Amino acid sequence: MFEKANSYHFVFILFSFLIGCFSPGMSPPGDDHFGRTQRKIDELETRTGSAVATGANIKIVVNKLSANMSEYTKLDALWRYTDRDLVVANRPEAYARSGLVIGVGTDRFNAELNIVKQRLKSSEDITLFVVVSPGSTGTINIGREIMVPRFFYAGRFYQAVEYNFRQAGRFLEVTPFLLPSGLIEMQLSPVFSKFLTMGGDIEFTELATTVVAQPGQTIVIGGGSSSGEDVGTALFSYSKENEQGRTLITVTPFIQ
């Protein structure tokens, strides 16, 4: 009888201890850094796994339309046919001062884009595509002839960039995911290559922006200004054969 009473006493103490672990003001198990990281990993595996199970790949069709500064106002006018709020699922704080602009084309956008292409006197129109599996990263090459001799960006992970250069590889890294709803989520990150003193690359991961689109829906990407010295200007403006211009990019994802 004494041994049984001791057992009851031990169970009571253990139960009281467990209750105390979940008292108000304390984080439940799994709410620490490691728990949050593991949930992120599980979420990525779930999103990627759903697409792998169906054997789906994502084809991303990219159109690059470049025009000189005297005609770029025609391209700028296309932004009125975009929605710059609904498409962005995750916009980092640094995005606002980067000069980048992202929107989703409305029903009229593609028709207006074709009209503008016919009206441009001097332009470069290039279409390419990349095919990647969900969760993998593809690269969109924007160009090499950079316009600004330097640009500034001071973020949490970067200091102001003040390197003089004439050419620099300009890219967008895109990592798509196929969501259970059938929508396609894409993470976009600006990348500059071979302009640092040591010839290395710089990836602006702090500017990674997440957009969500329906298959076949057009995402419009641009930014910067002719007088700005920010990431958007450095990424989408160019100087080639004594001619300065800017590039507008459209990205349209499809499920294969």
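The values are calculated or read from the model by the stated rules, or taken from the named source; none is laboratory data. What you see is a predicted model; the values in this text were computed from it and never measured. FYI the Cβ positions are ideal-geometry reconstructions off the backbone, even for glycines, and counts take in every protein chain you see. Note: accessible area is taken over every heavy atom of the protein model, side chains too, but ligands, DNA and RNA are not part of it. Shrake-Rupley method; radii C 1.70, N 1.55, O 1.52, S 1.80 Å.
Of 181, 225, which residue is modelled with pLDDT under 85, surrounded by fewer than 18 Cβ atoms within 10 Å (Cβ to Cβ) and of a type outside the set (D, E, K, R)?
225
Those residues that are open to solvent by less than 30 Å² (accessible area, probe 1.4 Å) and at pLDDT 85 or above, I need them from the range 80-98; list them, please. Spell out the reasoning first.
Residues of the range 80-98 that are open to solvent by less than 30 Å² (accessible area, probe 1.4 Å), as a first pass: 82, 87-88, 92, 94-95, 98.
Residue satisfying the conditions is 82 alone.
Quick check on the range 228-249: of everything there that is of a type in the set (Ser, Thr, Tyr) and open to solvent by 10 Å² or more (accessible area, probe 1.4 Å), which residue is farthest from residue 66 (Cα to Cα)?
Looking at the filtered set, the residue picked out is 239.
Which ones in the range 102-124 are open to solvent by less than 20 Å² (accessible area, probe 1.4 Å) and not hydrophobic (A, V, I, L, M, F, W, C)?
103, 105
Identify all residues within the range 101-152 that are of a type in the set (Ser, Thr, Tyr) and assigned to a strand (DSSP E or B); write none if there are none.
Of the residues in the range 101-152, the ones of a type in the set (Ser, Thr, Tyr) are 106, 122-123, 127, 133, 136-137, 139.
123, 127, 139 - these are the residues of the range 101-152 that are of a type in the set (Ser, Thr, Tyr) and assigned to a strand (DSSP E or B).
What pairs come out if I take residues in the range 101-117 that are touching a residue at least 40 places away in the same chain (Cβ under 8 Å) and within 14 Å of residue 247 (Cα to Cα) and pair them with residues that are of a type in the set (S, T, N, Q) and not in a helix (DSSP H, G or I) whose C-beta lies under 8 Å away, six or more apart or interchain?
Qualifying pairs under 8 Å: 102/209; 113/250; 117/123.
How do the pairs read when you match residues in the range 174-188 that are touching a residue at least 24 places away in the same chain (Cβ under 8 Å) with residues anywhere that are of a type in the set (Asp, Glu), using Cβ under 6 Å and keeping only pairs 6 or more apart or on different chains?
Hits for this filter: 177/185; 179/185.
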